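Q: I'd like to ask some things about the structure below.
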Amino acid sequence: MLKTTLLVNKMDCPSEEVQIRGVLSGIAGIKLLEFDIPAKSLTVYHEIEAETVINKINELSLDAQLVSSAQYTGAVVVPGTDEAQRRTLIILLAINAAMFFAEVAAGIIFDSMGLFGDGLDMLADASVYSLALYAVGRAQSAKNRVTLFSGLAQLTLAVVLFAQVIGKFIYGSDPVSVAMITVSCAALLANAYCLYLITPHRHGETHMKASWIFSANDVLVNAGIIMAGILVYLLKSNLPDLIIGFFIAVAVTLGSVRIIRLARN
């Protein structure tokens, strides 16, 4: 098998990726395509001539040029296969389970609803990934049921979080801004890596689509908590923390509704 890296000079956005996948995915001998759109780079694992791959891409007038091509003896795990799904979900489950304990503990210790809420969101995600892992290789009806249950579980956690935020509004809180920012930066890195891992599966079956939606929401939530931590420090007020806690609950609710619709459709 060959591993060929190409510079595709006119590959500027995901639409070009879709076009390239369209012309290459049906060709026997092409095993895997790895895209890096910002770098205009495409890596192809294949058993046909590299020149054939280049010519097919250039039929789209995308100006593909050979960077390197060499024999590859490693294992190729194709996104969308059961084995690829299992590997990805196991890593996501481990990361989210660890971050759940870290963020909930930090939220309690440092009196931050943002961190506590994101910790609960991590728990919801860990449950989603474990259910998705159970669904791998099973019938589509089972995958749809798992997706539906994932959405309902996330909706339940959103209700718990709303109740916690209301309680803090009533009884007060004193969040530690530095802790909010530090822990959320670590969570942002973890969630960004999770999103990177799950993105190749985002157009797959329902249980994998659901996993991608949760990961994408998490990145936005972490960015919001970092901003809230900065505002808590600048304003010397707990309101930014409570507000971001409220919006996390809203985001979890909207994500759960989206997942439930996905399962039902």
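Since every read-out is calculated from the coordinates, none of them should be taken as a lab result. All values derive from a computational prediction rather than experimental measurement. Note that each Cβ is placed from the backbone with ideal geometry, even for glycine, and that neighbours are counted across all protein chains shown.
Q: I'd like the trypsin sites (Lys or Arg not before Pro) in the stretch 192-265 restricted to DSSP loop residues with at most 11 other Cβ atoms within 10 Å, sorted by number.
A: Working: sites: Arg202, Lys209, Lys236, Arg258, Arg261, Arg264; in loops: Arg202, Lys236.
In loop regions of the stretch 192-265 (DSSP not H, G, I, E or B), the sparsely surrounded trypsin sites (Lys or Arg not before Pro) are Lys236.
Q: A further question follows. A 22 angstrom limit on the alpha carbon distance is what I want to check against. Which of Lys3/Lys40; Lys10/Lys56; Lys10/Lys209; Lys3/Lys209; Lys56/Lys209 exceed it? Could the numbers behind the result be given before it?
A: Working: Lys3/Lys40 17 Å; Lys10/Lys56 14 Å; Lys10/Lys209 29 Å; Lys3/Lys209 29 Å; Lys56/Lys209 30 Å.
With Cα atoms farther than 22 Å apart: Lys10/Lys209; Lys3/Lys209; Lys56/Lys209.
Q: How many angstrom separate the Cα center of the stretch 16-47 from the Cα center of the stretch 187-265?
A: Cα centres, the stretch 16-47 to the stretch 187-265: 30 Å.
Q: For Lys168, go through the lysines and keep the ones whose alpha-carbon is under 23 Å away, minus same-chain ones fewer than eight residues off.
A: Lys236
Q: Output the peptides 4-10, 128-134 sorted from most to least packed, where packing is the average of other Cβ atoms within 10 Å over each peptide's residues. Kindly include the intermediate steps, with their values, before the conclusion.
A: On the way: 4-10: 17.3, 128-134: 22.9.
The densest-packed peptide leads the list: 128-134, 4-10.
Q: Take each of the peptides 215-227, 108-120, average the number of other beta-carbon atoms within 10 Å over its residues, and list them starting from the highest.
A: On the way: 215-227: 20.9, 108-120: 25.5.
For the peptides 215-227, 108-120, the packing ranking is 108-120, 215-227.
Q: Taking the Cα-to-Cβ direction at Arg264 and at Asp12 and moving 7 Å from each Cα, how far apart do the two end points lie in nm?
A: 4.1
Q: Helix-only mean residue ellipticity at 222 nm, the chain, DSSP H runs n ≥ 4 weighted -39,500 (n - 2.57), per residue, nearest 500. What is it? All intermediate terms of the calculation are to be shown ahead of the outcome.
A: Details: 8 runs with 181 residues, N = 265.
It comes out at -24000 deg cm²/dmol, rounded to the nearest 500.
Q: Let me ask something additional. Two decimals is fine: what is log10 I(q)/I(0) at q = 0.13, 0.14 Å⁻¹ for the chain, from a Debye sum with one equal scatterer on every Cα and no solvent?
A: So the normalised log intensities work out to -0.87, -0.95.
Q: Using R₀ = 30 Å, calculate the FRET efficiency as 1/(1 + (r/R₀)^6) where r is the Cβ-Cβ separation of Ala142 and Asp63; round to 0.05. Don't skip to the end; give the middle numbers.
A: Working: r = 45 Å, r/R0 = 1.50.
The pair Ala142/Asp63 has a calculated efficiency of 0.10.
Q: Compute the helix-to-body angle for 14-24: its Cα long axis versus the longest principal axis of the chain, expressed 0 to 90° and rounded to tens.
A: Helix 14-24 sits roughly 40 degrees off the main axis of the chain.
Q: Using 0.36 nm times the number of residues separating Leu220 and Ile37, minus their current alpha carbon distance, what extension gain do you get? Display every interim value, and only then the final one.
A: Values: separation 183, 0.36 × 183 = 65.88 nm, distance 2.14 nm.
Roughly 63.7 nm would be gained on extension.
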